[in-house]
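Since the structure comes first, as structure tokens, the remarks are kept for the end.
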Amino acid sequence: MPTSVTFAEAGYEVYGYDVNEEVIKTLKNGKIHIKEPNLQQSFEKVLNLGKLKPTSKLEKSDVYIICVPTPFVKKEDKKLSDITYVKEAAKEISPFVEKGALVILESTVPPMTRDEVVGKIIEDQTSLKLNETFFLIAQKGYCLEEYCMN
């Protein structure tokens, strides 16, 4: 949400897609569903200006931001990062990703997830090649190795 609001404040037209209809309804009613200092005011401004549009319909775009939960799961005696939602999001956006698109992975993920998971999913479902015909960056840091290696 903060990244989307920042893009909208910079003048870009942003579509805030979510699979959860309740989240979309909340956003369309002018309320955010997360706690972040000063975000509510900024969100209301870009929503009222029509720069940020909550939607449950995914469409083609120049930039896609994947920001989904990566909860810890217990496996044997270790806590590991569950990247199921990251994989699902990559599969869902793949049909819409076109040449020159930028995909931003904002979720906290284990090392190599960006290229070896998200990049591979998009390559496998399209005719695109990572860092040649589409681009993928990880905006946030990675989780600690002892907690997220699958």
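Each value in this text was obtained by applying a stated rule to the coordinates, not by laboratory testing. It should be emphasised that the depicted structure is a prediction, and the values quoted were computed from it without experimental measurement. Don't worry about glycine lacking a Cβ; one is built from the backbone with ideal geometry, like all the others, and counts go over all protein chains shown.
Which GluC sites (Glu not before Pro) in the range 57-133 pass both tests, a DSSP loop state and at most 16 other beta-carbon atoms within 10 Å?
Loop-located and lightly packed - Glu59, Glu76, Glu98, Glu132.
Mean residue ellipticity at 222 nm from the helices of the chain, using -39,500 (n - 2.57) per DSSP H segment of n ≥ 4 over the full residue count, to the nearest 500 deg cm²/dmol?
On the way: 6 runs with 46 residues, N = 150.
Value at 222 nm, helices only, nearest 500: -8000 deg cm²/dmol.
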Review point. Which percent, to the nearest 5, of DSSP beta bridges fully inside the range 63-148 are antiparallel?
Key: 30 percent
Exercise for review: Looking at the chain, send over the antiparallel percent of its DSSP beta bridges, to the nearest 5.
Suggested key: 25 percent
Check your understanding: Taking 1 over the mean of 1/r across every pair of different Cα atoms in the range 63-148, what Kirkwood radius in Å do you get?
Key -> 13.1 Å
Check your understanding: For the range 63-148, what number of Lys pairs, 8 or more residues apart or on separate chains, have alpha-carbon atoms under 16 Å from each other?
Key -> 6
Check your understanding: Alpha carbon centre of the range 1-32 versus the range 93-110: separation in Å?
Key -> 17 Å
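Find me the longest stretch of the chain that has none of the exposed trypsin sites (Lys or Arg not before Pro), where exposed means in a DSSP loop (not H, G, I, E or B) with at most 14 other Cβ atoms within 10 Å. Don't jump to the answer; show the numbers that get you there.
Working: sites that count: Lys31, Lys35, Lys57, Lys60, Lys99, Lys129, Lys140.
Longest site-free region, per DSSP loop and neighbour criteria: 61-98.
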Check your understanding: Counting Lys and Arg as +1 and Asp and Glu as -1, what is the net charge of the other residues whose Cβ lies under 10 Å from the Cβ of Phe72?
Key -> +3
Practice item. Give me D for the chain in µm² s⁻¹, whole number, from Stokes-Einstein with Rh from the Kirkwood sum over alpha-carbon pairs, 10 °C and 1.306 mPa s. Key: 97 µm²/s
Revision key, fill the gap. So, relative contact order of the chain in percent, Cα under 8 Å, 6 or more apart, is 21 percent
